[in-house]
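Here's the structure we're looking at; comments come further down.
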There are 2 protein chains.
Amino acid sequence: MEPRRTDASRPYRDPSRPVYVISVAAELVRVHPRTLRIYEGEGLVCPARTPTNIRLYSENDIRRVTWIRHLTQNLGVNLAGIRVLFELEERLGMRILEQLYAEREDHSTSTDPEPTDTDPAAAPTPDGPTPADSPSNR
Amino acid sequence: MEPRRTDASRPYRDPSRPVYVISVAAELVRVHPRTLRIYEGEGLVCPARTPTNIRLYSENDIRRVTWIRHLTQNLGVNLAGIRVLFELEERLGMRILEQLYAEREDHSTSTDPEPTDTDPAAAPTPDGPTPADSPSNR
DNA sequence: GGTGACTTGACAACATCATTGTCAAGGTTC
DNA sequence: GAACCTTGACAATGATGTTGTCAAGTCACC
């Protein structure tokens, strides 16, 4: 049985708090720092900046880049396509990318931006981001 | 004043009826027949076949290819990205691509696959498909 | 304070992709 | 029967994604 010191005992980590410099973020998502700069140049991710112009990535940024990597590496989507997908998520106010891995069901609508009965630990594919990890930061 | 012989007097044209051979479809969407065959090979459009294996495209197919062209030529989305976008439209049961050109508003949900007060003649961009023309055939 | 990190802009290599072109051989259609 | 259609195939060209490297300067941590 797991010891009781679980995430209930950890201090709350704000997923929007910028904490990672670019080299750390690159390691976390297994990508080159050069590539992270390109993603930013393309407008796909916008890390925060310190007063001395150092990039700082948040957990949400990491999640976003994870989705970018999944979409480019596994699904072959190019960066322009990802831009459109992210734009649609923002306009619809929904984590539509999660639908790629949601259990197929005959549902008429899905307006809840937050996944409800989804188990974040249950990755839809062995290599894909978890359903709760859509790049949208809502 | 326009003569009374308008579309009210024309026979109803089923947009799902396959009527165009590949050369005609190519002209309609200004694309090479070779390219239409590639789109089909990629699973992006599925024209009907005659008993002698001749492709026949419907208005819905034409609309779908028009979206493909718009997304590739104007937005730079590659074919894999379009596949994901179409897949999401199917899974969500919504014409999400129309949201790219919908008037930006603070709406909480949009579950109606059919545009309501949208003027099909009012293209969102000079070069884009009309809002009512999302590739989804619902 | 100095070393390794960060920043900027820039160029380049390589693999992949999108579109068009063309070919051959055979069947279809107007 | 000529022009169209089908299949699979190869190829050219421009674009893209990722990584690498460069130079010069600034920052931050030890």
Can you tell me which of B:Glu103, B:Glu89, B:Glu114, B:Glu98 is assigned to a loop (DSSP other than H, G, I, E, B), at pLDDT 65 or above and of a type in the set (D, E, K, R)? B:Glu103
Which residues, taken from the stretch A:85-101, are open to solvent by 10 Å² or more (accessible area, probe 1.4 Å) and under 18 Å from A:Asp61 (Cα atoms)? A:Phe86, A:Glu87, A:Glu90, A:Gly93, A:Met94, A:Arg95, A:Glu98
Looking at B:Leu36, B:Leu56, which is the one that is in contact with a Ser or Thr (Cβ under 7 Å, 6 or more places away or on another chain), touching a residue at least 12 places away in the same chain (Cβ under 8 Å) and away from every other protein chain (no Cβ under 12 Å)? B:Leu56
Whichever residue in the stretch B:33-48 is open to solvent by 60 Å² or more (accessible area, probe 1.4 Å) and within 8 Å of DNA strand D (Cβ to nearest atom) and, among such residues, is nearest to B:Glu90 (Cα to Cα): B:Gly41
Filter the stretch A:20-52 for residues that are in a loop (DSSP other than H, G, I, E, B) and hydrophobic (A, V, I, L, M, F, W, C); the one that is nearest to DNA strand C (Cβ to nearest atom) is A:Val21
Name the residue that is farthest from A:Val77 (Cα to Cα), counting only residues in the stretch B:73-83 that are open to solvent by 10 Å² or more (accessible area, probe 1.4 Å) and within 7 Å of chain A (Cβ to nearest Cβ). B:Leu75
Checking A:Val21 against (1) open to solvent by less than 40 Å² (accessible area, probe 1.4 Å); (2) in contact with a strand residue (DSSP E or B) (Cβ under 9 Å, 6 or more places away or on another chain), only one condition comes out false. Which one? (1)
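The values are calculated or read from the model by the stated rules, or taken from the named source; none is laboratory data. Just so it is clear, the model here is predicted, and its values are computed rather than measured. For neighbour counting, all protein chains shown are included, and Cβ atoms are generated from backbone atoms with ideal geometry for every residue, glycine included. These accessible areas exclude ligands, DNA and RNA; they are computed on the full protein's heavy atoms, side chains included. Shrake-Rupley method; radii C 1.70, N 1.55, O 1.52, S 1.80 Å.
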